[in-house]
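The values are calculated or read from the model by the stated rules, or taken from the named source; none is laboratory data. None of these values were measured; they are calculated from a predicted model. All Cβ positions, even for glycine, are placed from backbone atoms using ideal geometry, and neighbour counts span all protein chains on display.
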Amino acid sequence: MSQFFSSKYNRLTPYTPGEQPKDQQYVKLNTNESPYPPSPKAIAAAEKAAASLQLYSDPECRDLVQKAADVFGVASDEILFTNGSDEILNFAFMAFCDKEHPAIFPDITYGFYPVFAALNNVPFAEMPLNDDFTIRVSDYVNCGKTVFIANPNAPTGIALPLADIRAIVESNPNNVVIVDEAYVDFGAESAVSLIHQYPNLLVTQTFSKSRSMAGARLGVGFACSDLIRDLNTVKYSTNPYNVNRMTMAAGIGALEDAEYFTNNCQQIMKTREWTTEKLINLGFSVIPSSANFVFAKHKKVGGKEIYTKLKERGILVRYFDKEKLRDYNRITIGDPKQMETLISTLSNLLEEVI
Ligand code: PMP
């Protein structure tokens, strides 16, 4: 830290992104990216947009917003696009949290929430999950705090039914409830349709996973127009051109290719079920997942050992060095060939270790 770094960040521990080593070609199952490329329509649109990069992007993202309004069945003033969904989550901490509106989220969830809270000087409560890693809904009902729920949750992959989301939103009319649906397209129920009933609900989604655009950085939020206006106040006070031209064009291309999107999601869910069965046969317990990853623990070998031995053999998975999670690995669902490689490698290394 230099002598110039503001003391307001004294206690800030930044988020640690999944590793992206370049020393060799890995089978990369550690950051929940899609194994499939973006839709050809998204690629073509981004290529075309590259020719106009001398011009700023449209700060209102009008064409993209219009397309999303059609696809998601909401009005154009109920949508905000951002630079990845991380940005809209940060905007939500900035806009809807403070000392009078502290944040609340599970102790096991997306690791960026406590970082955004610390960055914005927001007090927060981290609530333990149940022993089976499900979210204890009663902790959030009538809690009087700004609630952040990842649905499905990460890194567990467990989804809450919409009735539970509704109970949380309905019982906290004086606080915003943010439902982070980064993984919703892999088998959970979306709360987007509820935004017309609840003025305190913000639903965020991302193009990083189910639409294969992690490198483009495109996130989106859905909420009543008043909440979107608040988020825009924050956006226009930080970075009005937060979505670049190529990403905006690619986003429209991706939304136009519904068939490609649906097929990829279905393929990933099918591969997830295959992988789950094979992992169970190898002695893992696997939490039933509604996401594009599984969270798995071996009955005899610890999470760190599996992570390290897989890495030595050219496969990256995610290990969390955190109490309660040390027995586990989070494994992104890749394409069938990648998962066959994972299973055969695991089978060999378990034979050596046990
Ligand atoms: N929410 C959750 C639960 C996530 O796992 C991620 C991805 N790391 C994000 C939000 C942010 O994704 P992105 O910024 O790529 O949209």
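To keep it simple, each residue is scored yes or no on (1) exposed (fewer than 15 other Cβ atoms within 10 Å of the Cβ); (2) at pLDDT below 95; (3) in a helix (DSSP H, G or I).
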| position | (1), (2), (3) |
| --- | --- |
| Thr276 | no, no, yes |
| Ile280 | yes, no, yes |
| Ser285 | yes, no, no |
| Ala291 | no, no, no |
| Phe295 | no, no, no |
| Val301 | no, no, no |
| Tyr307 | no, no, yes |
| Lys311 | no, no, yes |
| Glu323 | yes, yes, no |
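Filter region 127-169 down to residues that are touching a residue at least 40 places away in the same chain (Cβ under 8 Å) and not in a loop (DSSP other than H, G, I, E, B) and give me whichever is farthest from the ligand (Cβ to nearest atom).
Among residues in region 127-169 that are touching a residue at least 40 places away in the same chain (Cβ under 8 Å) and not in a loop (DSSP other than H, G, I, E, B), the one farthest from the ligand (Cβ to nearest atom) is Thr146.
Scan region 184-200 and report the pairs whose first residue is touching a residue at least 60 places away in the same chain (Cβ under 8 Å) and within 11 Å of Leu162 (Cα to Cα) and whose second residue is aromatic (Phe, Trp, Tyr) and outside any loop (DSSP other than H, G, I, E, B), with Cβ atoms within less than 8 Å and a gap of 6+ or a chain change.
Within 8 Å, the pairs are Val192/Phe72; Val192/Phe222.
Within region 170-219, restricting attention to residues that are in a loop (DSSP other than H, G, I, E, B) and aliphatic (A, V, I, L, M), which residue is nearest to the ligand (Cβ to nearest atom)?
Checking each candidate, the answer is Ala182.
Filter region 126-164 down to residues that are closer than 20 Å to Ala95 by Cβ and touching a Leu at 6+ places or on another chain (Cβ under 8 Å), then give me how many there are.
So the count comes out to 2.
Restricting region 236-274 to residues that are farther than 23 Å from Pro35 by Cβ and among the aromatic types (Phe, Trp, Tyr), which is surrounded by the fewest Cβ atoms within 10 Å (Cβ to Cβ)?
For region 236-274, the residue satisfying everything is Tyr236.
Which condition number in (1) farther than 25 Å from Asp70 by Cβ; (2) touching a Cys at 6+ places or on another chain (Cβ under 9 Å) is the one that Arg272 fails?
With (1) farther than 25 Å from Asp70 by Cβ; (2) touching a Cys at 6+ places or on another chain (Cβ under 9 Å) applied to Arg272, the lone miss is (2).
Are there any pairs, at least 6 apart or on different chains, whose C-beta atoms fall under 8 Å, with the first in region 263-274 and within 14 Å of Ala291 (Cβ to Cβ) and the second assigned to a helix (DSSP H, G or I), and if so, which?
So the pair list comes out as Cys265/Asp185; Cys265/Phe186; Ile268/Phe186; Met269/Phe186; Thr271/Pro336; Thr271/Met339; Arg272/Phe186.
For region 1-118, give me every one of the helices (runs of 4 or more DSSP H) that falls completely inside it and has 1 or more residues that are surrounded by fewer than 15 Cβ atoms within 10 Å (Cβ to Cβ).
40-50, 62-72
Can you find a residue that is more than 16 Å from the ligand (Cβ to nearest atom), out of contact with any Asp or Glu (no Cβ under 9 Å at 6 or more places or on another chain), in the same structural domain as Lys209 (by TED's automatic domain parsing) and among the hydroxyl-bearing types (Ser, Thr, Tyr) anywhere in region 35-56?
Yes.
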